[in-house]
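Derivation of every value follows stated rules applied to the coordinates shown; laboratory data play no part. Just so you know, these numbers come straight off a predicted model, no measurement behind them. Don't worry about glycine lacking a Cβ; one is built from the backbone with ideal geometry, like all the others, and counts go over all protein chains shown.
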Amino acid sequence: MVNVIIYLGKSHDPGNLVDVLLKKKLIAKATIDSDNVTYVLKDDEVSTETNTVITVQTKSLLFSQIEQLVAEMYGSSVPIFSLPITQANQQFDKMVRENTLRT
């Protein structure tokens, strides 16, 4: 299992992406963090970007399908990465397994 983090630009509707991912059973659960401010260093100056961050829980084997779907909907420049879920209680594990595609 993994947490997949997707950084959408503010011009995109995150609810639409979450709906599609849930209906296709690519994810079991999602949270949306609007107005997430990211700080980066560009040309020795601190710069900020504001994004909408979507965090989803899913099976690791579904990452490539999620990445492909996001690229089809918004282009390949959308940052996406995953973090492993190394431990989870039985209820959480069951929720992810029952609400995602069989792999």
Helix 63-74 vs. the chain, principal-axis angle (Cα, 0 to 90°, nearest 10): 50
Distance between Cα centroids, segment 28-47 to segment 77-103: provide it in whole Å. 23
For segment 2-86, taking Cα atoms only, what is the radius of gyration to one decimal and the Dmax to the nearest whole Å? 13.3, 44
Can you work out ³J(HN,Hα) from phi for every residue in segment 17-30, in order, using Karplus 6.51 cos²θ - 1.76 cosθ + 1.60 and θ = phi - 60°, giving whole Hz and x for Gly and Pro? 5, 4, 4, 5, 4, 5, 5, 7, 6, 7, 9, 9, 7, 8
Step through the residues of segment 39-52 one at a time and calculate ³J(HN,Hα) from phi using the Karplus curve (6.51 cos²θ - 1.76 cosθ + 1.60, θ = phi - 60°), rounding each to whole Hz and writing x for Gly and Pro. 10, 9, 9, 10, 6, 6, 10, 6, 10, 10, 10, 10, 10, 9
What is the spin-label model distance, in nm, from Lys24 to Met95 if the labels are put 7 Å beyond Cα along the C-beta direction? 2.3
